[in-house]
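> I have a structure I would like to understand better, so I am pasting it below and will then ask my questions one at a time.
Each value in this text was obtained by applying a stated rule to the coordinates, not by laboratory testing. Owing to the predicted nature of the structure, the values given are computational and were not obtained by experimental measurement. Cβ coordinates were reconstructed from backbone atoms using ideal geometry, including for glycine residues, and neighbour counts include every protein chain displayed.
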Number of protein chains: 4
Amino acid sequence: MRMDSIDKLKRQVYEANLELKNKNLVVYTFGNVSGIDRKKEIIVIKPSGVPYENLNPEDMVSVDFHNNVLDGDKCPSSDTLTHIVLYKHFPSIGGVVHTHSTFATSWAQAKKPIPCLGTTHADYANRQIPCTQVISDKQIKGNYVEETGNQIIETFQNYSYEATPMVLVASHGPFTWGKDPDEAVYYSVILEELAKMAYLTMQINPHIEDIKQSLIDKHYNRKHGKNAYYGQKK
Amino acid sequence: MRMDSIDKLKRQVYEANLELKNKNLVVYTFGNVSGIDRKKEIIVIKPSGVPYENLNPEDMVSVDFHNNVLDGDKCPSSDTLTHIVLYKHFPSIGGVVHTHSTFATSWAQAKKPIPCLGTTHADYANRQIPCTQVISDKQIKGNYVEETGNQIIETFQNYSYEATPMVLVASHGPFTWGKDPDEAVYYSVILEELAKMAYLTMQINPHIEDIKQSLIDKHYNRKHGKNAYYGQKK
Amino acid sequence: MRMDSIDKLKRQVYEANLELKNKNLVVYTFGNVSGIDRKKEIIVIKPSGVPYENLNPEDMVSVDFHNNVLDGDKCPSSDTLTHIVLYKHFPSIGGVVHTHSTFATSWAQAKKPIPCLGTTHADYANRQIPCTQVISDKQIKGNYVEETGNQIIETFQNYSYEATPMVLVASHGPFTWGKDPDEAVYYSVILEELAKMAYLTMQINPHIEDIKQSLIDKHYNRKHGKNAYYGQKK
Amino acid sequence: MRMDSIDKLKRQVYEANLELKNKNLVVYTFGNVSGIDRKKEIIVIKPSGVPYENLNPEDMVSVDFHNNVLDGDKCPSSDTLTHIVLYKHFPSIGGVVHTHSTFATSWAQAKKPIPCLGTTHADYANRQIPCTQVISDKQIKGNYVEETGNQIIETFQNYSYEATPMVLVASHGPFTWGKDPDEAVYYSVILEELAKMAYLTMQINPHIEDIKQSLIDKHYNRKHGKNAYYGQKK
């Protein structure tokens, strides 16, 4: 039945939203997680401005690729159009997260990419975490939320969205994605930790540079390459 | 009955004071929240120097606009006159909070306004968070607590207290306000987070400047303007 | 009965030691609190190197002014002689605390006094929090622990120990004291918060200077002077 | 029976791994603890990539000195060969820990040893905490994990592994060791605190230098020398 798979997705998205709170990535109503049913092209996302403690699975809002609400009476997150742009352009992803987590947002506000300063970073992303350009006045006056998504796509023209599942939107904050809502939240937690350690590292040694590509590749491929050997055999 | 509405306000102010503790904005007896009954011109505020764990709703103290205690045997917060000045000059507010929260107080001690470095800030205030002048010796020798309120009013001569519901008192700490005690506490939590992110941002990039006005307006109006579209329809 | 008052003091010292743990000022066996029975000239202090979770009130060790153990089979804290020196020279104190709390210890390691940058500081101490000289080789080879106490006394020659109930021992960490063990712990919590805010303030504005004496006096006397008006009437 | 002692070790290693989580040194599956049965030359270590909340004592993996799995169907931690190198070269140790704890990893990423800036440090290590050289491309292409161990051994050629039970691997993170898994975890907690305080100290006073050797020796020997007098008599 149609609603069965969407109901399941709503529960998944609901739990992923609560996990944002459990991991201390959000205060009050900040942040939102979405998931997608690729066959039906239906996106499920947190409602706008509802406190986490009042959320229920059935409050999650279903929208199509044009941001039309498909069921219920709640308004979807005000960032929904950014999520939609990411789902359209990154075909293998199944979940998207936006937060204002403290350290990642501070790098975004500083308009700086997060340098790759250690193997912890290389375990999850094989390059710097990029930072978008500042949004133009024209984009602000146009469809601002959709343009935020377009900026991210622009930033990834020379980047693999699968090998770097995270981005900083300049003057705003981070977005992450993954194969499902859980993995997207997982990467938001990791990003915050990478952002914090990069911050501290730069304070200890302002002249530090990115680690060499051979070391990045070693670690990235250990977890993600064809010959990955981290974790248990599947 | 007269006491009914005041009793209700006392409970509201009591719970808002506890929330300061829950949100880790205060240690020991630091901090205080008040609320006002505009019709009766009665202000209800935390008693002075009582530990949060010993507080009860009926310990809250009622005072008039001249700081006369109207009931009970407790002394009101030593900062009460500052609250009164704010209620007198900011006619639409219903609650005031004072804390020594770590990051906001550090900006106040640094005698610097908090720059508007990102959309998180612009979601809540459409300008920098201003910092007052250092209080003069004449003011210190006069009615110090009332003069602290006067300094805040002076600082807001060219500011909208409704569009920037927070201030730093130089060498002292922050005050916030809102339509009721709960909202005033809400802004204290937000201010502390803005202060922390602005701190980190400046450490990452000391040359960063305030975001452009078009981006501030976009975010501020998204939540507060006539065409606000954040949250659920009321 | 003699043991009654000492048993009571042991429970007080025991609970004050646990409070250090509750307030996150210590890891593992770091830190120690003592109390004194002035009439009997008996000091009660935490045993050396016992984890907080294994402590019982009866494990507290009683010593005289020459560090002779008066009862039980436990060794007193290795810092006991420093406490004894403080009790001898600061006649009105009833409790002493030593911690390695993170921010206060960092100022001590930096060999810098904590500047008085705001009213939060002035509420508790009417000057900078002083930092001792680095201990001399001669003192290290002599009775090191007692000499640590002597350094503190030396540092307070031109300071009032009652108006500044805290000190940093250079390259080592903080000591605080008060009218009883509870108040000494209270000042350790306050010191850590002052140390953290002074750190952040200096990072935001490296050119900041101590607040003016008139403002310090206003706040200090509000809480401690003859005309103190903070708190409830006693 | 053979399995009795190994089963006991597995429980010990399991509990030490959970302690990493309790002490907030790890996120998700980061980090690993091992222990050794010196008589049987069997090492017990956490399985690779299993979340802490799903671990059971019997999931711990037994390996020999050539990293052959001796029982069960789980893969050992991907860092096992580094642990093995340490057990081979440091004959008196019984436990090894690897984490990506925030402050220690930031020093490792900054490629800087942690200076000895206070007595807290000297209580646990009688020199700076060394940082290895960056691993060479040749080592990366060879047996990377084993070479990480070799780098540590190289770094300790002029260091006592017993007097400094911790190291930073450049661009990577810390390793610690001790007489058993518990003590190795203990030193990871201490290292993180030393790393944090050294960071803060350098921010407060960038010109600070290591404390003098006489003070280091005094504190180190107080806890570890022949005439150690810290703690209770054994």
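> Give the separation of the Cα centroids, region A:177-205 to region A:126-148, in Å.
20
> Between beta-carbons, use under 11 Å as the cut-off and find the net charge around residue D:84, counting Lys and Arg +1, Asp and Glu -1. Can you show the working numbers first?
On the way: positive: D:88; negative: D:41, D:64, D:79, D:146.
Surrounding charge for residue D:84 is -3.
> With θ set to phi - 60° and the Karplus curve 6.51 cos²θ - 1.76 cosθ + 1.60, what are the ³J(HN,Hα) couplings of region B:102-108 in order, to the nearest whole Hz, using x for Gly and Pro?
4, 6, 4, 5, 5, 5, 4
> Could you give the angle, 0 to 90 degrees to the nearest 10, between helix C:213-224's Cα long axis and the longest principal axis of the Cα atoms of chain C?
Compared with the principal axis, the helix lies near 40 degrees.
> Helix-only estimate, please: 222 nm mean residue ellipticity of chain A, summing -39500 (n - 2.57) across DSSP H runs of length 4 or more and dividing by its residues, to the nearest 500. Spell out each step's value before the answer.
Working: 8 runs with 96 residues, N = 234.
Counting only the DSSP helices, I get -12500 deg cm²/dmol.
> Normalised radius of gyration for region C:1-41, please: alpha carbon Rg relative to 2.2 N^0.38 Å, two decimal places. Don't jump to the answer; show the numbers that get you there.
Values: Rg = 12.2 Å, N = 41, 2.2 N^0.38 = 9.0 Å.
Output field value: 1.35.
> Over 28 Å between Cα atoms: which of A:21/C:23; D:46/D:88; C:112/D:226; D:21/D:141 fall into that group?
Values: A:21/C:23 24 Å; D:46/D:88 19 Å; C:112/D:226 34 Å; D:21/D:141 32 Å.
Exceeds cut-off: C:112/D:226; D:21/D:141.
> OK, next. Can you pull the mean other chain C-beta count within 10 Å for peptide C:201-214?
Details: counts 9, 5, 8, 14, 6, 1, 2, 5, 1, 1, 7, 6, 1, 7.
Average per residue, whole number: 5.
> Against the longest principal axis of chain D, how steep is helix D:2-22, in degrees 0 to 90 to the nearest 10, with axes from Cα atoms?
Tilt of helix D:2-22: around 50 degrees.
> Determine, from the Cβ-Cβ distance of residue A:5 and residue C:133 and an R0 of 60 Å, the FRET efficiency 1/(1 + (r/R0)^6), rounded to the nearest 0.05. Can you show the working numbers first?
Numbers: r = 73 Å, r/R0 = 1.21.
After rounding, the FRET efficiency stands at 0.25.
> Okay, next question. Highest GNM mean-square fluctuation, chain A, Cα pairs closer than 10 Å: which of A:166, A:197, A:60?
A:197
> While we're on this one: In terms of the Cα gyration tensor, with a ≥ b ≥ c the square roots of its eigenvalues, is the protein assembly as shown rounded because a/c is under 1.5, prolate because a/b exceeds b/c, or oblate?
oblate
> Something else: Could you work out which residue, out of C:121, C:66, C:219, moves most in a Gaussian network model of chain C, that is, has the largest mean-square fluctuation with Cα springs under 10 Å?
Among C:121, C:66, C:219, the largest GNM mean-square fluctuation belongs to C:66.
> Report ³J(HN,Hα) in whole Hz for each residue of region C:96-101, in order, from the Karplus equation J = 6.51 cos²θ - 1.76 cosθ + 1.60 where θ = phi - 60°; Gly and Pro get x.
Using θ = phi - 60°, the values come out as 9, 10, 10, 9, 10, 4 Hz.
> In terms of the Cα gyration tensor, with a ≥ b ≥ c the square roots of its eigenvalues, is region B:122-181 rounded because a/c is under 1.5, prolate because a/b exceeds b/c, or oblate?
Values: a/c = 2.35, a/b = 1.93, b/c = 1.22.
Judged from the Cα gyration tensor, region B:122-181 comes out prolate (a/c at least 1.5, a/b above b/c).
> Summing Lys, Arg as +1 and Asp, Glu as -1, what charge do residues with Cβ under 11 Å from the Cβ of residue D:182 carry, residue D:182 excluded? Show your work: numbers first, answer last.
Working: positive: D:179; negative: D:15, D:19, D:180, D:183.
After counting each charged neighbour, the total is -3.
> Also, quick follow-up: Rounded if a/c is under 1.5, else prolate if a/b is larger than b/c, else oblate: which is chain B, with a ≥ b ≥ c the root eigenvalues of its Cα gyration tensor? Provide the component values of the computation, followed by the final result.
Working: a/c = 1.76, a/b = 1.44, b/c = 1.22.
Since a/c reaches 1.5 and a/b is larger than b/c, the shape of chain B is classed as prolate.
> Can you tell which of D:133, D:12, D:157 shows the greatest fluctuation in a Gaussian network model of chain D with Cα springs below 10 Å?
Comparing D:133, D:12, D:157 in the GNM, the peak value goes to D:157.
> To the nearest 10 degrees, how steep is helix B:181-204 against the longest Cα principal axis of chain B, on a 0 to 90 scale?
30
> Further question: According to a simple spin-label model (label point 7 Å from Cα along Cα-to-Cβ), what is the distance in nm between residue B:23 and residue C:18?
Simple spin-label model gives 3.2 nm for this pair.
> With label points built 7 Å along Cα→Cβ from the Cα atoms of residue C:207 and residue C:39, find their separation and express it in nm.
6.0
> Also, I was wondering about something else. Summing +1 for each Lys or Arg and -1 for each Asp or Glu, what net charge is found among the other residues whose Cβ lies under 14 Å from the Cβ of residue D:128? The partial results should precede the final answer.
Numbers: positive: D:111, D:112, D:127, D:212; negative: D:209, D:210.
Here the count lands on +2.
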